[in-house]
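Derivation of every value follows stated rules applied to the coordinates shown; laboratory data play no part. Computed from a predicted structure; not experimentally measured. Neighbour counts run over all protein chains shown; Cβ positions are idealised from the backbone, glycine included.
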Amino acid sequence: MRNEILNLLTSRPGKYISGEAISQNLGITRAAVWKQIQVLRESGYDIEAQTKNGYRLAKTPLSLEEWVLKRGLETKTLGREIHFFEELPSTNDYAKTLIRQGVQDGAVILAQRQTEGRGRMQRAWESPEGGIWMSIILKPHLSLADAAKLTLSTGVALARTCRKLYGLDIQIKWPNDLVYRGKKIAGILGEVVGEWNTVQTLILGVGINANLERADLPSTLPATTFKEELGQLINLNDLVIAFLEALETEVESLEEGDIDGLRARWLTYAAGLGKEVQVERAGHVFKGILKGISTSGELILEENHQELLFSSGDVKLRTSEGYI
Ligand code: BT5
């Protein structure tokens, strides 16, 4: 009903539609129409009402709305199927359930909050309301080795989108943290669901600290949020739409085999490139100069004139506050 009213309200963009026309179209009373309009207003839709002309949709909400996403998306596959929840333990875990049941390539799962959000190696990921917590299911035409590079593609697509929309100098900290002035603003968790060598399905989990107050996250985390940095709320629908479009372009480019292009784009956003960093892996700390990444996405660290390659680990950048 809600979506049908929204469809009617936008059937003639910018124009009013009478309560009578809506009630006839949907076979409900005028009072029921008015009630539904109130519900939409409570969800953040700005609906103008004029006694003579009826109703007009002036603005859509900043918060995530399936109807707004579906209307705005111009992708071929990404987000064509959307599963939307107020709360989930973890969108990545729900993605696994969906994959078992059978799901379309490009399906997206979104939750307004997560109770058991996860990072790499089962670390906890804070996911209060106001953020974007999403998983994208991909069935790419790629080998397992190349499919693993899709986490790099996701970082590139997200960094590019955030720079374009908000003009902030967002960087990627290897392997795929998005940072602003060294503080984490988004994280990516890629998981392969399939057999060795015959990739079936990949889950790309993306967490973005969008409309969160800094105080919504533990003060001990070196983290920030878009709300905090921009001093205002951002439109979550616009961000998801622009990101999915950018990601689709990246996936296509990787499927066409442009690995060098991906590496080059990743490097333009790389945090700490040419600078002294620390890499922590399995309890060991390595200090050296971050030289870049290999074509398979490994970090290249120069330590005592020797190049070390890392396929996993955590990078800490050197700042005035020490390594973070
Ligand atoms: C990540 O792991 O950065 C991947 C985060 C992926 C989250 C998404 S949300 C949708 C989908 N569903 C899930 O369950 N997960 C994905 P990693 O690099 O391991 O970083 C984890 C570390 O980041 C934690 O140990 C904390 O130190 C820190 N952290 C936790 N929550 C944070 C937040 N909201 N913002 C910034 N840092 C955070």
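Computed values, structure above
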quantity	calculated
Ser219-Ser18 pseudo-label distance in nm [points 7 Å out on the Cα-to-Cβ vector]	6.0
Length-normalised contact order of segment 63-198 in % [C-alpha pairs under 8 Å, at least 6 apart]	18
Simple label model, 7 Å out from Cα along Cβ direction - Thr115 to Val285, nm	3.8
Most fluctuating residue given options Gln171, Gln50, Gln38, as computed from a GNM of the chain linking Cα atoms under 10 Å	Gln50
Whole-number percent relative contact order across the chain, with pairs defined as alpha carbons under 8 Å at least 6 apart	14
Inter-label distance for Ala32 and Met1, nm, one decimal - labels placed 7 Å from Cα along Cα-to-Cβ	0.6
FRET efficiency, 1/(1 + (r/R0)^6) with R0 51 Å, evaluated for Ser43 and Gln306 via beta carbons	0.35
DSSP-assigned coil residues among trypsin sites (Lys or Arg not before Pro) in segment 5-111, each with at most 14 further Cβ atoms within 10 Å	Lys15, Lys52, Lys76
Given Lys164/Lys316; Lys227/Lys316; Lys139/Lys164; Lys183/Lys275; Lys183/Lys287; Lys15/Lys52, the pairs whose alpha carbons are separated by over 22 Å	Lys164/Lys316; Lys227/Lys316; Lys139/Lys164
Residue order, fewest to most beta carbons within 10 Å, for Val285, Val251, Val192	Val285, Val192, Val251
Charge tally in the Cβ shell below 12 Å around Gly54, where Lys, Arg are +1 and Asp, Glu are -1, Gly54 excluded	+3
Approximate shape of the chain as ellipsoid semi-axes (Cα gyration tensor, √5λ), whole Å, largest first	41, 22, 17
Net charge, Ala270 excluded, C-beta distance under 12 Å - Lys, Arg +1, Asp, Glu -1	+4
Segment 116-193, dipole about Cα centre (Lys/Arg Cβ +1, Asp/Glu Cβ -1), debye to the nearest 20	280
